[in-house]
Amino acid sequence: MKKLLLLLSFLTMSFVVNAQTEPKVGDVLIVKQPSNQYYNHVDFPKLNILVKRGKIASYKSEFESEVVIQDVKTKSNGDTYVVLSKKDGSKFFGLKTKVKANYNKAIEAGELKIK
């Protein structure tokens with residue numbers, strides 16, 4: 001009986017987690033460190049652009065930043081893109097107020113995390 005109850009609770013929790021994969025305007029995400037040197041699915045400026053603008057060539061200032069989804073767009077090929085802005089209202093790297101990201105691929109790659 002305990003095993004059945006444990007199994008049912010596990011299945012319920014996994015269903016709830018999978019149900020939260022659809023982004024909505026106002027959801028809060030956390031920017032995580034990319035698996036390699038660059039962000040592939042979040043449209044941050046390239047490092048050479050940051051240097052040209054007088055900034056430090058590093059993405060470290062954005063690690064663990066909380067961002068809010070401002071807009072959600074689904075393309076005809078099924079990709080879901082979101083427009084992100086910082087929760088505190090500041091700019092990304094002191095340059096951009098909003099950035100675009102491929103939601104599903106960024107979550108899978110670990111570049112963004114659902115809070």
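The values are calculated or read from the model by the stated rules, or taken from the named source; none is laboratory data. Please read all numbers here as calculations on a predicted model, not as lab measurements. Because the Cβ atoms are built from the backbone with ideal geometry, glycine has one as well, and the counts that use them run over all protein chains shown.
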How many residues are part of a strand (DSSP E or B), closer than 23 Å to Asn48 by Cβ and of a type in the set (Gly, Ala, Ser) if we restrict to region 80-107? 1
Hey, among the residues in region 23-46 that are out of contact with any Lys or Arg (no Cβ under 9 Å at 6 or more places or on another chain) and surrounded by 11 or more Cβ atoms within 10 Å (Cβ to Cβ), which one's nearest to Lys86 (Cα to Cα)? Val25
Output for region 59-75, where each listed residue is assigned to a loop (DSSP other than H, G, I, E, B) and exposed (fewer than 12 other Cβ atoms within 10 Å of the Cβ): Glu64, Lys75
Suppose the filter is exposed (fewer than 12 other Cβ atoms within 10 Å of the Cβ), modelled with pLDDT under 95, more than 13 Å from the chain's Cα centre (by Cα) and closer than 19 Å to Lys24 by Cα; does Gly78 pass it? yes
